[in-house]
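Take a look at the structure below.
Derivation of every value follows stated rules applied to the coordinates shown; laboratory data play no part. Here the structure is a predicted model, which is why all the values come from computation and not from measurement. Note: ideal-geometry Cβ built from the backbone for every residue, glycine included; neighbour counts use all protein chains shown.
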Amino acid sequence: MTSTEPDHRTRPDPGALVRRCCRDLGLLTATFVVALLGFVVATTLFAVGIGTAVIGVGLVVLVAALVTGGGFARFHRLLLARAGVAIVPPRYPAPAPGVRGRLRRLAHPQSWRELLHVLVAFVVSCVTFPLGLTWFVAGPGGLSYPFWSRYLPGEPQGLAWLLGFPGRLAEDAVNVALGLVLLLTAPVVLRGLVLVHAGLARALLDDEAGRLRSRVEDLTSSRAAAGQAETATLRRLERDLHDGPQQRLIRVGLDISAAHRRLAADPDGARAILDEALQTSREALAEIRSLSRGIAPPILAEQGLPAALITLAARCPVATAVAVSDEDRLAGLSPAAQNAVYFTVAEALANVAKHSGAAAARVELRAVGALAVVSVGDDGRGGADVGKGHGLAGLADRLEGVDGRLEVSSPVGGPTHLTATLPLG
């Protein structure tokens, strides 16, 4: 079946174009103001620092200039972020105590790049801001020229007169045509001027090398955290097996030996011992199955993550609602990431049941952009801790192993909200 409904997705929205033009012009205006202030302050400090460097005081002033340049660079990043241009900020090492630690800022190349950006951005803004403002205003001004030009004294001697077409009618026609061209091209021109600032910022403010170093550090940390979490899980499993099923199986062996010795003299007593051994073996098997869920929950592999979360909620003694959206996109989660989500919810609900005193809880799983977000909330007393030695710390380590992050908001008195984010795909 074909639809006769017109496709509105490709039809331009004049209102959206006007709003984008206003945003771009606002960005150019704000960038000009920030660049002007930054140029005045940073160049003054830089000049004073260079001039007094020989007496030592200038080094401190140069550090102040670099810090000021970094501050204005942050403003530029924020402004570009509002226009949809993401610039990665640098990661500066924590300064050592004392004046010598502060002076190390002079050796960081990104500090000088940010100071250079303050100087260059002012020069660029002196071109982009007037050009953008003129383009934005001249379009409507040209279209309305036939109306307001009547109030100008004397005969019009504008662009048409320079081109050799004297007369008011010719002047009106030329200005209207020019205004129409400027108005139609304003969205492209304004966006292009914004992209000029974006390119400048990417060249001088985007710390690509720092981003790569940060990524390597994050990966190293996450792999170490995953290894620690795996080691802790294996130790806990070993301890649980030793304290639980192993002891029960030893008892089963002793009971069978006792029954074997009494089988000829007391068959009824031997049968009772064997019945008890059978019950103990069943309990050991149930406990082993329970422990195996901590390694690879069968329902997760058989029925998928949404069904596994619903099962966890059903087992929780606190009334728990489950909401899962974007299941098609969540199918892109890797098996390791699904395990991490499962155990995050399992640990969170266990904490709700044991410590929160809550009457109700809620589990939500959804896709947001390129991330999977799982959140668990309850109306309990709060006070959850992510410190070392607590179950939530182990969850944070497990999530780091799949490039995930854990955030916990649990003020005393409640409520508690646990949110885990993991990359899709």
According to a simple spin-label model (label point 7 Å from Cα along Cα-to-Cβ), what is the distance in nm between ALA286 and CYS126? 8.3
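Using a Förster distance of 22 Å, how high is the FRET efficiency between THR29 and PHE147, based on the Cβ-Cβ distance and rounded to 0.05? Before the final figure, lay out the partial values.
Values: r = 27 Å, r/R0 = 1.23.
It comes out at approximately 0.20.
By average Cβ neighbour count within 10 Å, what is the ranking of 66-77, 262-273, 136-147 from highest down? Don't skip to the end; give the middle numbers.
On the way: 66-77: 20.2, 262-273: 13.2, 136-147: 16.3.
Peptide ranking by packing, descending: 66-77, 136-147, 262-273.
For ARG329, ARG261, what ranking results if the residue with the fewest other Cβ atoms within 10 Å of its Cβ goes first?
Placing the least packed residue first, the sequence is ARG261, ARG329.
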What is the list of residues in segment 55-71 whose amide nitrogen lies under 14 Å from a point 7 angstrom out from the Cα of THR44, following Cα to Cβ? 65, 68-69
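What ranking do 375-383, 35-43 get when scored by the average of other Cβ atoms within 10 Å per residue, highest first? Mind dumping the intermediate values first?
Details: 375-383: 20.8, 35-43: 19.0.
Answer by packing, highest mean first, reads 375-383, 35-43.
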